[in-house]
Amino acid sequence: MAWQFSPIISGYWISSRYLDEVRRTRSPKAAIHDFPNFPVIMRIEPAAAADSTHADVAFNLHEGGEMTVLFRPGTSATSLPAHTSLGEDATSYELAYQISATDTVLYFVKRDQQHQREIGRFAYRRVARGKTDKNPVEQLGDEASHTLNRLLVAGAYVGTDSLGKQLRVQFLPDGQVRGLPFRMYHVLEDFIGPAIGDEILFNMYKKGGEGFAVDFGRDTLRLYSVHSAVEAPADPTRQDSALVFHRGLLRYQLVRQRR
């Protein structure tokens, strides 16, 4: 039975709702705000001869989880039962799929366990297939990053820095950058914890790395210095303080070159 379902559902899948919100808002932070409790991205392993397969999932691009997909019909001939680490009582899950001449759409479906009434259906688009030599969880994050890169940044630009120097810059979908004093870039997608908002991190976790607040315009990319400060809470009865981030100087203004 596995051979029938495995090619249909295996690969890396990202929430269609999330991708649509990134395109609409040009803001990863706005796209993930108040997101419902279901996986944003999934990596479903291929299985050649088994009655189930494993999936790694990220529920909000921060908290990881797992899912087991059973290779047997669910509530329909094109759905498969699934067990997840969501931990919601009285809820059952399944993956459903819809195949067209040009694409396959995957759905994560939540049902009331007692009455099997559908209470949520969330669509996904496949962004990559196949196995990788990388750690599966690490690759899960890479696929999310590369997808954001393609949607918001990747391309050739001309522009200036804060000193008026003329620049020619290229952002590649795999996270490489040319024409700036950095080698790699990363569009921030995880907003659990303090964050200025939309941000690009250059040479992340490397000596000389730096983060910039960013406006993802459709044609213009603006990168700002980030300043942080410890501020007292608004409520005077509280003793804790908060780390607050502010935009500073406009460091780079880059205009996309259209072919």
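The values are calculated or read from the model by the stated rules, or taken from the named source; none is laboratory data. Because the structure is predicted, anything quoted here is derived from the model rather than measured. Methodologically, a virtual Cβ is constructed for each residue, glycine included, from the backbone with ideal geometry; neighbour enumeration extends over all protein chains shown. Only protein heavy atoms, including side chains, enter the accessible area calculation; ligands, DNA and RNA are left aside. Shrake-Rupley method; radii C 1.70, N 1.55, O 1.52, S 1.80 Å.
The residues of the chain expose on average 54 square angstrom of accessible surface per residue, using a 1.4 Å probe on protein heavy atoms. Local charge for L19 was computed over the other residues whose Cβ lies under 11 Å away, with Lys and Arg +1 and Asp and Glu -1, and equals +3. Counting only DSSP beta bridges whose two residues both lie in the chain, roughly 100 percent are antiparallel. Given the alternatives [x] 167; [y] 142; [z] 185, volume of the Cα convex hull per residue in Å³ as computed for this entry is given by [x].
With a Förster radius of 30 Å applied to the beta-carbon distance between A90 and R23, the computed FRET efficiency rounds to 0.30. Taking label points 7 Å from Cα along the Cα-to-Cβ direction, S76 and M204 give a separation of 3.7 nm.
For the chain, what does -39500 (n - 2.57) per DSSP helix run (n ≥ 4), summed and divided by total residues, give at 222 nm, in deg cm²/dmol to the nearest 500? Spell out each step's value before the answer.
On the way: 4 runs with 40 residues, N = 259.
Calculated mean residue ellipticity at 222 nm is -4500 deg cm²/dmol.
Rounded to the nearest 0.05, what FRET efficiency do I119 and Q98 have when you use their Cβ-Cβ distance and R0 = 22 Å? Each step should come with its number before you reach the end.
Details: r = 19 Å, r/R0 = 0.88.
It comes out at approximately 0.70.
The radius of gyration of the Cα set in segment 1-44, together with its Dmax, comes out at 13.7, 42 angstrom. Compared with the direct C-alpha span, the chain from M184 to S16 gains 57.8 nm at full extension, assuming 0.36 nm per residue.
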